[in-house]
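I have placed the structure first, in the form of structure tokens, so that the comments after it can refer back to it.
Read the figures in this text as sums done on the coordinates, not as results from a lab. Remember, predicted model here, so these are calculated numbers, not experimental data. Glycine also receives a Cβ, built like all others from the backbone with ideal geometry; neighbour counts cover every protein chain displayed.
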Amino acid sequence: RDWETPLDSFDTLVVLSNRQPYRHTRDADGSLAVDRPTGGLTAALDPVCQRAGGTWIAWGDGDGDRQVVDENDRVDVPPTDPSYTLERVWIDDDLADTYYSGYSNRLLWPICHGAVDEAKIRPGDYDGYRRVNERFAERVVPHVSGESLIWVQDYHFALVPAMIRERVPPSTTIGQFWHVPWPKPETFSRVPQARALLDGLLGADVLSFHVRRFADRFLTCVEYFLDDASVDWDASVVSYDGSDTQVVAVPLGIDADEHARRSQNLDDGVYETLSAELSIPDGTLLGLGVDRLDYAKGIEERLEAIETLFERRPRWRESVTFVQTTTPSRTDIPAYAAYGKRVRRVVDRVNERFGTDSWQPIVYTESYLTRDQLTALYRNADCLLVTSLADGMNLVSKEFVAASVDETGVLCLSDQTGAHDALGDVANTIDPTDRESVWRTIDDALRMPVREQRVRMRTLRARTAERSLSWWMSTLFETFAAATPDRSISPQG
Ligand code: GDG
């Protein structure tokens, strides 16, 4: 199916996200450099916008960015072959601290990931969050013309759908995609503004989660917190404040063909150079972890499980090497800085305990790798470890599967990821809350006969290819298109 067809139902597409897909910086000599911030969301949506055109509104990142935009804060991207417009919203440091480091990432992120001990709210955080949501909502209005689709991304903008709804004609369709898990009601009740967030989200015509588990928890929260909302569970529709919100589960996919092609065509030299740079030894099995440095990814628990593995199964010493790449993020939040320290401490301890003159059990890097380097790691890995304590989807697992073109390699996947709901038990399932389960699953994966690896990997590859990025787009855009006519015949229309 081709998602461009349902997209034709709309005259304009406007995407809103916190993070921007391209960041411009000035080098010391004044020349302009462009890089791409890490993250699953921008990686997924950039190809969509490249094909669909339109405008992407995101938070700009400092002076480098400011120097490339026009007087309307707009710049065409990608730089090599511009196909859509990126519009930057500037947020000063104090406001960013409350909106981003505060309410979004000290409160909503941990709440959505069930990490209640990490959840903190400071005076002023919610006010900053509300003000930034308002600023983004206002920036949408000038773009609306005819049948517009406004597509809001993620937990940074829970209030935006209702704010946009107040400002635009009824023929405008508003979609929201929630990229992280939705919490259980008892966890969500810790948010002092629980009702305001639900009220904001229900301004959308279509609210989408990755998997049914999260959508159902959302509907449960609506019933629990909003007396004047009614939930039709069969249709998965919430009626509230005179309008309907369709709540759907549409798992984000990757462009599996593109990942496979890149892997197929990759020069062996990329891995050789990288393994020399990182000191990955030849001739051992390779276990791999690729994550943002985030407590929700269960990196510390995974490294501890690796320690237990070497303790309980000495046969693996000097015959398997674990490569862990982490990209630091949200470093000004104390919980993240502390987590980075704990992770590095476990790496050092394991390497000290088991390392020899010629072998390090864990090769750890915080460098940002190129796409080709990442693909080289995926292709050479004998197993990928995903041990998230909670994860909306987890695209890394799908990228590994797509890059495993020889159909070998084992995916060890936490059952707390959306990817596990989507890919199922053909992955080697990890229960991240059970320490024994983690190291035993890794042990099983390392011993799995190639024939069984192939059987599992073929199924995983077929599922990843079937539920690809274009499937995600076509399914969502059909839902958006179907949500539009109802309102255009409404009395206000
Ligand atoms: C959020 C949700 C959901 C990582 N290191 C490098 C690098 N990456 C790329 C990976 C992948 C992306 O970053 C990470 O995506 P994930 O989905 O695994 O995780 P989050 O960033 O937490 O994303 C998540 C996602 O949104 C989408 O809805 O799946 O649950 O938490 O694409 O390849 N890319 C490069 N170098 C690196 O070093 N080039």
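Give me the Kirkwood hydrodynamic radius of segment 308-437 in Å, from all C-alpha pairs, to one decimal place? Walk me through the numbers before you get to the answer.
Working: mean 1/r = 0.0617 Å⁻¹.
Across segment 308-437, the inverse of the average 1/r is 16.2 Å.
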Query - R212-D93 pseudo-label distance in nm [points 7 Å out on the Cα-to-Cβ vector] - result: 5.0 nm
**Report entry** Pairwise centroid distance, computed over Cα atoms, of segment 107-133 with segment 344-399, Å
**Finding:** 30 Å
Query raised in the report: So what is the diffusion coefficient of the chain in µm² per second by Stokes-Einstein at 37 °C and 0.692 mPa s, using a Kirkwood Rh over Cα pairs?
Result: 139 µm²/s
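Would you please calculate the Kirkwood hydrodynamic radius of segment 1-137 over all C-alpha pairs and express it in Å, rounded to one decimal? Walk me through the numbers on the way to the answer.
Numbers: mean 1/r = 0.0604 Å⁻¹.
16.6 Å is the Kirkwood radius here.
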Report task. Rounding to the nearest 20 debye, state how big the charge dipole of the chain is about its Cα centre with +1 on each Lys and Arg Cβ and -1 on each Asp and Glu Cβ. Result -> 1060 debye
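Taking a cut-off of 22 Å, what percent of all Cα-Cα pairs in segment 210-310 are separated by more than that? Kindly include the intermediate steps, with their values, before the conclusion.
Details: 3174 of 5050 pairs.
Tail fraction, whole percent: 63.
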Report summary line: Once phi for every residue in segment 148-159 is put through the Karplus expression 6.51 cos²θ - 1.76 cosθ + 1.60 (θ = phi - 60°), the whole-Hz ³J(HN,Hα) values, with Gly and Pro written as x, are 9, 10, 9, 10, 9, 10, 6, 6, 6, 10, 5, 8
Query raised in the report: Sorting V450, V75 on the 10 Å Cβ count, fewest up front, what's the list?
Result: V450, V75
Query raised in the report: Between S145 and V34, how many nm apart are label points set 7 Å from Cα along the C-beta direction?
Result: 2.5 nm
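Please return the longest stretch of the chain lacking exposed loop sites, where GluC sites (Glu not before Pro) count only if DSSP places them in a loop and at most 13 other Cβ atoms lie within 10 Å. Show your work: numbers first, answer last.
Numbers: sites that count: E71, E366.
Maximal segment without exposed cleavage sites: 72-365.
Kindly work out what percent of the DSSP beta bridges joining two residues of segment 192-250 are antiparallel, to the nearest 5.
Numbers: 7 of 11 bridges.
Percentage antiparallel, nearest 5: 65.
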**Report entry** Label-point gap, in nm, between D268 and T356 - each point 7 angstrom along Cα→Cβ
**Finding:** 2.5 nm
